Every structure is written in structure tokens, then in C-alpha cells.
Amino acid sequence: MSAAPITLDRFILEEQQASPNATGELSLLLMRFGVAGKRIAAALARAGLAGTLGAAGSSNVSGEEQKKLDVVANEILLETFDYGGLVTLAASEEMEEPFVYPPNAGTGRYAVVFDPMDGSSNIDCNGTLGTIFSIRARRDGGVADLLRSGHEQVAAGYVLFGPSVLLVYSTGTGAHLFTLEPSIGEFLLTRHSLRMPEHGRGYAVNEGRAHAWAPEVRAFVEHLKKPDGASGKAYSTRYSASLVGDVHRFLLEGGIYLYPADAAKGRASGKLRVLYECHPLAYVVEQAGGAASTGTKRILDIVPDSLHARTPLAIGSRAEVKLFERFVARQAT
């Protein structure tokens with residue numbers, strides 16, 4: 001008889017039992033991210049029928065146009081943690097200030113941060129989308145709890161909405177992949193302890209912005225396009241306009257995702273948010289053996305100075321990220 005499938009809840013509880021100091025509260029919180037992922041997946045599946053495609057007629061704190069599903073996903077996530085006394089506050093890319101859960105303000109042990117709908121430009125064309133999340137320990141119960149390095153995350157992960165709905169997360173003991181089985185409505189363990197290949201043959205970057213990159217970034221991307229002396233093969237471009245989708249591909253296949261600073265758009269500090277995108281994905285990728293860098297600094301070492309602080313990002317296989325850092329260092333000298 002074949003072994004019974006391992007559900008997300010079972011896996012989380014078994015990890016909890018293996019940790020002598022576990023209280024069970026982090027386990028409950030991780031399970032709720034699974035529930036939120038299923039709710040968002042359901043909202044995406046019926047968006048065209050429910051009239052929730054298109055612009056919401058509003059902008060987020062960064063002045064970016066919100067899609068209706070940005071708002072829907074944000075509301076689902078906020079609702080998900082509004083009981084049980086686990087979460088003190090939630091911060092989101094879509095909100096200027098954190099949402100405080102009044103009953104839990106003095107007791108909740110955790111704060112959560114998330115990008116509710118990564119890849120929003122793909123919504124109306126049925127492209128790949130994702131939700132990125134991070135969990136941090138409560139200290140004083142305020143914003144200062146979040147303005148700390150990425151090393152202080154106690155868990156992080158993402159949900160990828162594609163042909164299958166996938167959930168990848170880590171609590172610091174490896175990164176694990178689950179696939180939603182729609183017939184039973186459960187996430188099932190697909191890959192235990194993912195390992196990113198040391199090298200890859202793909203890269204993802206928006207080359208339409210190449211004119212605004214620093215010279216070292218252009219030189220690095222041009223280097224990737226040149227056939228390798230040994231194999232005669234160049235890297236293949238894999239940009240999909242979905243950070244989660246591209247990072248997930250490279251988590252499995254190896255390669256590098258870049259979102260460099262953009263001088264022409266006034267984004268000398270990059271576009272991607274430290275708390276909602278870069279810290280969580282760097283945490284997962286490093287747990288799988290990969291790397292994440294600004295080009296000069298490890299992403300997890302960054303201490304943001306505000307909730308919506310941004311940074312350039314190079315994330316993926318260790319060999320490609322280290323090569324990018326060498327290009328940056330060469331230009332600096």
C-alpha cells in the first residue's frame with residue numbers, strides 16, 4: 001500500500017513535535033497562510049466571472065495603480081489573522097501603515113508582513129501571480145518590530161498561482177514545497193528540503209529598462225548572453241513580470257533574477273520592497289542553498305529605515321549571484 005500523502009497541516013505539526021521549545025502558535029499561524037492561499041486562489045479562479053478583474057480606481061502607498069484583486073487579496077490576508085490572539089499587527093505593500101489587531105495588541109506573539117498580489121500586471125491576462133509572506137516575533141508591538149534585519153524572520157514563504165497552486169515556506173530548517181490538491185482542498189507535500197542548483201542557465205530581468213541600468217548591470221547581462229566557451233551555450237531569458245514565478249523557476253532549475261536600480265525612474269534604491277518581497281524570498285532561497293544580494297550587500301543583512309524601503313535585488317543560484325557581485329565590485333574599482 002502506498003504511503004498516505006502528507007498534508008501541510010500534518011507536516012507543520014510534525015515539525016512542531018520535533019522542536020522541544022515549540023508552543024504551537026507558529027504552527028497555527030503557518031496553517032492560516034495555507035487557508036489564505038486557498039481563498040486567494042479561489043478568488044483568482046472566478047475573477048472574470050465575478051467582475052473583479054481590472055483596476056480598482058485607487059493607488060497604493062507607493063502611488064502604483066491597484067488592481068481589484070490586489071485589494072481582495074489584501075483583505076483576505078487581514079481577515080485570516082483576526083482571531084486567536086496570535087498576531088499583533090500586519091503590514092502590507094498595499095497599506096501605508098500597519099493594521100493593528102486591537103484584541104491582540106498586548107498579547108499576540110507575532111507580526112506578519114506580506115505582498116498580497118505579486119505580479120499584478122499579469123492579472124488581466126491570466127499570467128502567473130503570487131503572494132509573499134513573512135512572520136516576525138513581536139517585541140514592543142509597534143513598527144519597530146518590523147524594521148529589523150531579515151535574519152529576524154521566524155518563517156517566510158510564498159504561494160504561487162499558476163497551472164497548479166503551490167506553497168513554499170521555511171522556518172529556518174530548509175525550504176519545502178506543497179501543491180494544492182483541488183479534489184480534497186489540501187496542500188500536499190511535493191518536495192522536502194528543496195535544493196537550488198549551484199549553477200543555472202537562465203536569467204530574468206526587464207531588459208526594456210536596460211538604458212537606465214548602471215554600466216556594471218548592463219555588462220553582466222551582456223555577459224550572460226554570450227555563448228559559454230565550454231558548452232557553446234548562452235543563458236536563456238525567462239522574465240515573466242512575476243517576481244514569485246521567476247524566483248520559483250530558478251529555485252528548481254537554477255539561474256538568477258535581477259531587479260537593479262533604475263536611474264530613469266528615480267529608483268536609485270531599486271523598486272522592490274525590502275520587507276514585503278526581498279527579505280522573505282531571500283530567506284527561502286538561502287534555506288535552499290541559493291543567495292540574495294544587492295550587488296554589494298547580503299539582502300538578509302539589510303535593516304530597512306521605513307516600512308516601504310526599497311532595494312536592488314539579485315537572487316538565485318549562488319554561482320550567478322556571486323558572479324554579479326564580482327561585476328559590481330569590478331566597476332567600483
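The values are calculated or read from the model by the stated rules, or taken from the named source; none is laboratory data. Quick caveat: nothing in here was measured; it's all calculated off a predicted structure. Counting neighbours? That spans all protein chains shown, and the Cβs are built from the backbone with ideal geometry, glycine included.
Per-residue answers, yes or no, for (1) surrounded by 24 or more Cβ atoms within 10 Å (Cβ to Cβ); (2) modelled with pLDDT of 95 or more:
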| position | (1), (2) |
| --- | --- |
| LEU252 | no, yes |
| ILE256 | yes, yes |
| ARG267 | no, no |
| VAL285 | yes, yes |
| ALA291 | no, yes |
| LYS297 | no, yes |
| GLY316 | yes, yes |
(request) Residues being free of Cβ contacts under 8 Å to residues at least 24 places away in the same chain and either closer than 25 Å to TYR110 by Cα or in a helix (DSSP H, G or I) (or both): count how many of those fall in region 24-49. (result) 7
(message) Could you go through region 219-240 and let me know if any residue there is in the same structural domain as ALA73 (by TED's automatic domain parsing), farther than 20 Å from LEU29 by Cβ, in contact with a Ser or Thr (Cβ under 6 Å, 6 or more places away or on another chain) and not acidic (Asp, Glu).
(response) no
(message) Out of the residues in region 169-193 meeting the condition of being of a type in the set (A, V, I, L, M, F, W, C) and out of contact with any helix residue (DSSP H, G or I) (no Cβ under 6 Å at 6 or more places or on another chain), tell me which one is surrounded by the fewest Cβ atoms within 10 Å (Cβ to Cβ).
(response) ILE184
